[in-house]
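Visitor: The following block contains the structure, expressed as structure tokens.
The values are calculated or read from the model by the stated rules, or taken from the named source; none is laboratory data. Since the structure is predicted, the reported quantities are computational estimates derived from the model, not experimental observations. We place every Cβ from the backbone using ideal geometry, glycine too, and count neighbours over all the protein chains shown.
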Amino acid sequence: MRTLKNILVTGGAGFIGCNFIRLLLEKTPEFTGRIVNLDALTYAGNSASLRDIERRFGGARYLFERGDICDRAFVETLFRKYDIDTVVHFAAESHVDRSILGPEAFVKTNVLGTFTLLEAARAAWKTGGMRQDVVFHHVSTDEVYGSLGETGYFTETTPYDPRSPYSASKASSDHLVMAYFHTYGLPITMSNCSNNYGPYQFPEKLIPLMILNMREGKPLPVYGDGKNIRDWVYVEDHNNAVWTIMRKGVTGEKYNIGGENEWENITLLQSLIAIVSEKAKLDPAKVRGTISYVKDRPGHDRRYAMDCTKIKRGLAWRQGVSFEEGLERTVDWYLENNAWVDGIRSGEYQSWVEKNYGDRG
Ligand code: NAD
Ligand code: DAU
């Protein structure tokens, strides 16, 4: 078991990263170290997501550093300044639709950014031989494996077959991380996870977008025939798995994480309509009437489904939150946190939606 003291979290102001920081500082008594959150605060990063954490843990156990993971000199300074012994790398451009509209930022952050972090870790951790009491955990996605037919599951040995600029850039970063283990002996672990949902997710992603559009009486845009399948996992279950791998995972190994919870988009949307209608006192028939089938996403992967046997057997991880419970918690959170929603949707995001999606519906 690794003892992790000074953790550099990249992308900690984003959806999964901010939930990870909360998990460690609020619910993980065995973690007594400190967290340095390195985030560029792009459109997807939000310092409001950690304002209370800043108040309670700031200065001693939580530090925020605004910066770009592609900035080698800055990243190297952080390794020295905070004596970093652990990296958990969440920072990325994460939205598939944006990668289709503008792939360059994905190559920069996901490929060059990961490369820069690896180089900084290699330089900082090579004191004579490579230190082995440190770990670089890379957070990746099931999308690197491509698309499944009606049957079968992705395992850790499924060949990579990325289809979108997003997944291709994540696949490249995965290969670099593995190459640094094999070539330089950098102690790495890696995880590939399925679709996350929960609080603080940027409302361009399916679940929060639909919740907020329902509340506001806007159309619910379903891509293609609505029968694409995703495997949904609650964000805290994903983060528990990441933490488990960081402490107990075998160096140089990758682990699949998923919800084992497959839904067609349209069926998921029907469940969400039932929950939101009840909680927000809406007429479900009226809300169903706002479903709008729109042009499909180019290269839209049909089905993702994870085989989680390796992490379950090897590291005794289990999902803890049922889909029913997770969706209820998520809907409650979005309905109760108007200030967060208004903040993140103002300005840049709103004009981006109007520019790119003004004609859909
Ligand atoms: P997100 O878009 O919500 O957050 C990304 C964060 O990274 C933001 O805070 C952003 O400001 C920061 N960032 C972006 N570019 C940066 C740069 N150049 N330098 C520093 N910070 C930068 O993403 P998320 O959904 O929280 O995803 C986190 C990670 O998990 C990503 O690596 C993603 O590929 C992976 N992942 C996500 C999911 C999912 O369902 N959301 C599933 C599997 C894996
Ligand atoms: O599988 C893991 C991946 O899940 C992560 O690596 C990505 O970072 C994350 O964004 C997510 O990718 P998806 O493309 O699966 O998520 P998204 O929420 O964009 O879409 C989920 C499904 O819903 C997908 O089949 C497309 C569809 N969809 C999405 C949107 C935004 C719609 O039908 N309508 C929509 O408006």
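Visitor: Looking at 108, 126, can you tell me which residue is over 24 Å from residue 250 (Cβ atoms) and more than 16 Å from ligand 2 (Cβ to nearest atom)? Explain how you work it out, then say what you get.
Guide: Values: 126 fails: over 24 Å from residue 250 (Cβ atoms).
One residue alone meets the criteria, 108.
Visitor: Which of the following residues is assigned to a loop (DSSP other than H, G, I, E, B) and surrounded by fewer than 24 Cβ atoms within 10 Å (Cβ to Cβ): 2, 51?
Guide: Working: 51 fails: assigned to a loop (DSSP other than H, G, I, E, B).
Selected residue: 2, the only one of 2, 51 that is assigned to a loop (DSSP other than H, G, I, E, B) and surrounded by fewer than 24 Cβ atoms within 10 Å (Cβ to Cβ).
Visitor: Moving on to the next point. What are the pairs, 6+ residues apart or on separate chains, where a residue within region 191-209 that is closer than 24 Å to residue 255 by Cα has its Cβ under 6 Å from a residue that is among the polar types (S, T, N, Q) and more than 8 Å from ligand 1 (Cβ to nearest atom)?
Guide: That search, which allows pairs on different chains as well, returns 192/256; 197/330; 198/330.
Visitor: When you check residue 311 against the structure, is it touching a Phe, Trp or Tyr at 6+ places or on another chain (Cβ under 7 Å), among the hydrophobic types (A, V, I, L, M, F, W, C) and at pLDDT 95 or above, yes or no?
Guide: Judged against the criteria, residue 311 is a match.
Residue by residue, here is whether (1) surrounded by fewer than 16 Cβ atoms within 10 Å (Cβ to Cβ); (2) among the polar types (S, T, N, Q); (3) within 15 Å of ligand 2 (Cβ to nearest atom); (4) farther than 14 Å from residue 174 by Cα holds:
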site	(1), (2), (3), (4)
94	no, yes, yes, yes
117	no, no, no, no
121	no, no, no, yes
161	yes, no, yes, no
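Visitor: Which one of these is near ligand 2 (Cβ under 9 Å from one of its atoms), among the small types (Gly, Ala, Ser) and buried (at least 23 other Cβ atoms within 10 Å of the Cβ): 194, 173?
Guide: 194
Visitor: Could I ask something else about it? Being surrounded by 16 or more Cβ atoms within 10 Å (Cβ to Cβ) and in contact (Cβ under 8 Å) with a residue 12 or more places away in the chain narrows it down to one of 217, 299, 314, 249, so name that one.
Guide: None of the others qualify; the one that does is 249.
Visitor: Could you pull out every one of the strands (runs of 3 or more DSSP E) wholly within region 128-224 that has 1 or more residues that are more than 16 Å from ligand 1 (Cβ to nearest atom) and over 30 Å from residue 333 (Cα atoms)?
Guide: 135-141
Visitor: Filter region 89-113 for residues that are part of a helix (DSSP H, G or I) and closer than 15 Å to residue 17 by Cβ and give the result.
Guide: Once the filter is applied, which keeps residues that are part of a helix (DSSP H, G or I) and closer than 15 Å to residue 17 by Cβ, region 89-113 yields 109, 110, 113.
Visitor: Also, quick follow-up: Among 236, 216, 260, which is within 21 Å of the chain's Cα centre (by Cα) and farther than 20 Å from residue 138 by Cα?
Guide: Matching residue, one of 236, 216, 260: 260.
Visitor: Separate question: Got a sec? Which of 321, 287 is within 16 Å of ligand 2 (Cβ to nearest atom) and aliphatic (A, V, I, L, M)?
Guide: Checking each option against the conditions leaves just 287.
Visitor: What are the pairs with Cβ atoms under 7 angstrom where one residue, in region 65-78, is free of Cβ contacts under 8 Å to residues at least 40 places away in the same chain and the other, located anywhere, is of a type in the set (A, V, I, L, M, F, W, C)? Sequence gap at least six, or different chains.
Guide: Close Cβ pairs satisfying both conditions: 65/36; 65/38; 65/78; 66/40; 66/41; 67/38; 67/40; 67/74.
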